[in-house]
Amino acid sequence: MPVGERGAIRLESLTRRYGRVVALDEVDLEVRAGELLTLVGPSGSGKSTVLRLIAGLDRPDRGRILVDGQDVGRVPPHRRSVAMVFQDYALYPHLTVLDNLLFGLRVRRVPRDEARRRARAAADRLGIADLLDRYPDQTSGGQRQRVALARALLREPAVHLLDEPLASLDAPLRFATRAELLALHRDLGTTTVHVTHDQAEAMTLGDRVAVLDGGRVRQVGPPQQVYDEPADTFVAGFLGSPPMNLVPGSGVLGGTAGLILGVRPEDLALGADGPVEATVEAVEALGSETILLTRCADGTRLTVRTGPRPGVGTGERVRLRPDPARLHRFDAETGRRR
Ligand SMILES: Nc1ncnc2c1ncn2[C@@H]1O[C@H](COP(=O)(O)OP(=O)(O)OP(=O)(O)O)[C@@H](O)[C@H]1O
Ligand SMILES: [Mg+2]
């Protein structure tokens with residue numbers, strides 16, 4: 001099967017407990033062949049556990065993992081066509097960066113010159129070409145992370161499992177590497193599950209994003225759709241930074257009892273005729289935008305995202321207009337979208 005048509009993953013009722021901790025609770029999830037799926041969720045929500053189970057490094061208590069329709073439950077890790085970038089890199093310390101990159105290619109008996117050419121090309125793309133002769137402990141955390149990423153990309157497996165592969169990079173490098181990763185995925189078409197904490201990665205990298213909480217999948221969908229129509233108050237609060245404002249019904253955002261109303265910080269406009277009155281408690285000028293932390297007379301706190309230099313300061317009164325087309329309604333009891 002050509003790359004792009006293989007590597008379809010299907011998780012069925014996947015459950016994994018560690019003692020009393022339920023790391024994964026009946027997880028159903030599908031990753032289409034050639035798709036890049038980002039997996040997001042708070043610390044401890046089960047993201048790495050999902051990857052370890054797909055890689056075969058850990059076994060589920062219940063449920064099945066199918067790759068291209070085949071149950072891989074009894075397939076040992078080295079026989080699964082999966083390359084993983086671990087959260088802590090896991091490079092071979094006794095090998096140079098170049099030999100780390102060549103390792104997988106040697107195992108697969110790629111001819112020496114061809115292997116070196118490919119390793120150098122990958123190192124170039126990820127900006128580590130000048131580190132090839134060093135040992136991992138002679139490089140920085142961000143550099144090691146890129147070596148681990150290059151090594152996984154070189155293996156050309158059916159599935160890439162990337163556990164926060166950009167977490168150690170500084171902001172400009174993260175931005176550049178994110179773009180490179182997206183380009184690489186377009187070129188290679190390898191099915192990829194990409195775990196991240198980063199809001200920008202969650203929104204921009206994947207064809208779809210899956211939100212995990214407490215070992216359960218809360219929502220799966222194209223990032224913009226999940227952002228625009230979060231399935232529940234957890235997803236509303238998790239995707240987006242700063243998070244969505246959530247206010248009980250019949251409070252400052254209107255609505256009725258039994259509802260929770262939500263409005264994103266960018267959907268609250270400053271203006272003299274806005275119906276909601278609030279006092280600015282703090283101003284965070286971020287350069288390209290400003291975050292205002294405000295409080296209404298009834299104690300409700302509302303976060304507002306506005307442009308640079310909004311011309312209001314701490315202690316000032318402002319009027320806010322929620323965009324009526326962008327109000328979200330949730331059931332107060334279940335938290336589900338209504
Ligand atoms: N080997 C283990 N033994 C005991 N508990 C474990 C083990 N591995 C994971 N857990 C627990 O399972 C839960 C899920 O862990 P997991 O590593 O999948 O989280 P995560 O979403 O990757 O978190 P992070 O964002 O911090 O990396 C956590 O509560 C964790 O403490
Ligand atoms: Mg993890």
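The table for this structure:
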quantity: Rg over Rh [alpha-carbon atoms, Kirkwood Rh] for region 9-234; calculated: 0.97
quantity: Total formal charge among the other residues, if their Cβ is under 13 angstrom from that of Leu205, Lys/Arg +1 and Asp/Glu -1; calculated: -2
quantity: Computed magnitude of the charge dipole of region 9-234 (debye, nearest 20; Cβ of K, R +1, Cβ of D, E -1); calculated: 940 debye
quantity: Bridge type composition, the chain - antiparallel percent by DSSP, nearest 5; calculated: 75 percent
quantity: Angle in degrees between helix 141-154 and the longest Cα principal axis of the chain, rounded to the nearest 10; calculated: 60 degrees
quantity: Sequence-separation-based contact order of region 278-338, relative, with Cα cut under 8 Å and 6+ spacing, percent; calculated: 30 percent
quantity: Nearest 10 degrees, 0 to 90: helix 112-125 Cα axis against the chain principal axis; calculated: 20 degrees
quantity: Burial order of peptide ranges 247-258, 212-223 (average beta-carbon count within 10 Å, highest first); calculated: 212-223, 247-258
quantity: Candidates per GluC sites (Glu not before Pro) in region 279-338, loop by DSSP, up to 13 other Cβ within 10 Å; calculated: Glu316, Glu333
quantity: Packing-based ranking, highest mean first, of 176-186, 64-74, 261-271 given that Cβ atoms within 10 Å are counted; calculated: 261-271, 176-186, 64-74
quantity: Within the chain, helix-based [θ] at 222 nm, where runs of 4 or more DSSP H residues each add -39,500 (n - 2.57), nearest 500; calculated: -7500 deg cm²/dmol
quantity: Global form of region 52-116, assessed from the alpha-carbon gyration tensor, a/c cut-off 1.5; calculated: oblate
quantity: Computed FRET value (nearest 0.05) for Asp99 with Ala285, which takes r as the C-beta separation and R₀ as 51 Å; calculated: 0.60
quantity: Estimated distance in nm for a label pair at Asp331 and Ala167, the labels positioned 7 Å out from Cα along Cα-to-Cβ; calculated: 3.5 nm
quantity: Inter-site label distance for Asp71 and Ala179 at 7 Å from Cα along Cβ, in nm; calculated: 4.7 nm
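Computed from the coordinates by the stated procedures, all read-outs in this text should not be read as laboratory data. These numbers were taken from a predicted model, which means no experiment stands behind them. No Cβ is skipped: glycine too gets one built from the backbone with ideal geometry, and neighbour counts run over all protein chains shown.
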